[in-house]
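Single-structure report; data block below.
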Amino acid sequence: MKSGYLFLFMVAVLTLNTSAHADDADRILQLTQLYNATSAVCSGISDELQHLKNMTTAGTVVSGVGAVAAGGALYAGLSKAQIDKEIERLEKQICDAGGCNPDTVAQMSPDTFFNSVILPMSEIAELQQQLVDAEKRSKRMGNWRTGLMAGATATNITSAIVSGVNHNQSDLIQQITACNNAVASVKNADVGGLNPMENPIVRKLDNIKTWCGNIDATEIEKFEKQQTVVMGTSIAGGVTGATGTVNSAVANSSGIRNDNSESGKKKEKNLNTTANVMAGATTVLSGVSTGFNIASLTKINKIIKETHRCEEAF
């Protein structure tokens, strides 16, 4: 009789152990499936972020170059303005020395001719040489301003294109959200009673719990807003740059420079002023774009570090 109970007890124990092993096997299978699903949805985020970083880095360099170019154009324009003031002063000195009305020489008395022409002739010649040199420097500065403004315009257009690509990251946000949800499921998974030393999947899930789920999708949304600002300022910089380039080129053209009438000089001055104002505006806008690009880059670098920690857990 006792031997019969013992037999039944052994059968019961074996049955319970078999059932327990079966339950463990099912749980391990479910945990493995959860691990594989989490790995799949969280993989590739760092690659996307790295691509975003590369694009943002390029945008930062481009907008920085645009700021430098526009600043150089402004400097050239302001230098040209100073040279043009010098030209006005030289022209006045030449006239004051008697070099503006050669047609009146025939009507001068000998004394007047000597005092008004012969005596100041050497001064007039020197002033005229200074005027020629100043005209060359003014022309050169005008050409530099036009070239630098054209460069700043091109960089702003490129920056607008890059930020236009960067500012929509809805797919990346969805993937990060899905990854975070999967990690939340891992943290809620029941691994009680499973020995991590005997079941590697438990150790893997523990690593995921430790290192994943910290990627904040709202950080990408902030990045999007920053890139939207970059796109707007770059477009504005492209417009002001293009306007400045055209005005600078026209102001420095021979037709405008050689028009010594009162209206011609006024037109040249207005064109130069507009070109300088546009150069200043482009400098500011390019600087703003660069600043926001740097902020975006800092944010992306932070997210990449968090993503790498998570992916290394798989």
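Values computed for the structure shown
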item: Mean Cα-pair separation over length for region 168-218, i.e. relative contact order, pairs under 8 Å, 6 or more apart, %; result: 51
item: Separation of alpha-carbon centers, region 252-314 and region 51-80, rounded to whole Å; result: 6
item: Candidate lysines for bridging to Lys265, where Cα separation is under 16 Å - those fewer than 8 sequence places away on the same chain excluded; result: Lys80, Lys85, Lys92, Lys139
item: Around Gly72: net Lys/Arg minus Asp/Glu count, Cβ-Cβ under 14 Å; result: +3
item: Sequence ranges 58-65, 179-186, ranked by mean other-Cβ count within 10 angstrom, highest first; result: 58-65, 179-186
item: HN-Hα J in Hz across region 84-89 - Karplus 6.51, -1.76, 1.60, θ = phi - 60°, x for Gly and Pro; result: 5, 5, 5, 4, 4, 5
item: Cβ-Cβ FRET estimate between Asp47 and Arg140, R0 fixed at 51 Å, reported to 0.05; result: 0.55
item: Electrostatic dipole magnitude of region 69-311 [Cβ: Lys, Arg +1; Asp, Glu -1; Cα centre; debye, to 20]; result: 600
item: Nearest-0.05 FRET efficiency for Gln82 and Glu219, computed from C-beta distance (R0 30 Å); result: 0.05
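Readers should treat all values here as calculations from the given coordinates under stated rules, not as data from a laboratory. Predicted, not measured: the structure shown is a model, and the values here were computed from it. So basically every Cβ, Gly included, is an ideal-geometry build from the backbone, and we count neighbours across all protein chains shown.
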